[in-house]
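Reviewing the structure listed below.
The values are calculated or read from the model by the stated rules, or taken from the named source; none is laboratory data. In this text the structure is predicted, and so the values were computed from the model without any measurement. Reconstructed Cβ throughout: ideal geometry from the backbone, glycine too, with neighbour counts over all protein chains shown.
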Amino acid sequence: MKSTLEYLDEWKEAQGITSDYAAAAKLGVTRSAISNWRKGRAGMDDYTAAQVAAGLGIEAIEVISAANAEREHDELKKEFWINLYRTVAQSMAAVTTGKTVLAAAMKKAPVLKTEAPSSWRKGGDSNPR
């Protein structure tokens, strides 16, 4: 499972941000909040996780579930968030694979040249029987 810090660092790179100070300002959190995340003293909140996901162009629940898994102390609840994360990650991978397969198939598909029936052409009968 990817950590919220990995998502944060990917988000920073995608945004062209090099410092945690600038990241904090853009996310609307304090620099000490990010410092606490990095030191394991606190976890990313769901709103910030959703902002990071949006900036990465991924589903918010992916980062939110990772954040909840990191913050959770109850093992049963932690397992729930980990399983949700895995389910979302697998679903997104399947969608991506499906898009890739479809794109490849479309590149290989022959271009069909069809002509509209004469009844559809200008002056033709618009109500074929």
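For the reader, a short list of remarks on this structure follows.
- Residue ID - farthest from the chain's Cα centre (by Cα), chosen from residues in the stretch 61-84 that are surrounded by 16 or more Cβ atoms within 10 Å (Cβ to Cβ) and more than 14 Å from ALA50 (Cα to Cα): GLU72
- Test result for GLN90, of a type in the set (S, T, N, Q) and either surrounded by fewer than 17 Cβ atoms within 10 Å (Cβ to Cβ) or within 14 Å of SER3 (Cα to Cα) (or both): yes
- Condition met for SER3 (buried (at least 19 other Cβ atoms within 10 Å of the Cβ), of a type outside the set (Lys, Arg), in contact (Cβ under 8 Å) with a residue 12 or more places away in the chain and within 27 Å of ALA93 (Cα to Cα)): no
- Flag for THR30 being of a type in the set (Ser, Thr, Tyr), closer than 25 Å to ALA89 by Cα and at pLDDT 95 or above: no
- Checking each residue in the stretch 71-121 for being hydroxyl-bearing (Ser, Thr, Tyr) and either modelled with pLDDT under 80 or touching a Pro at 6+ places or on another chain (Cβ under 8 Å) (or both) picks out THR96, THR97, THR100, THR114, SER118, SER119.
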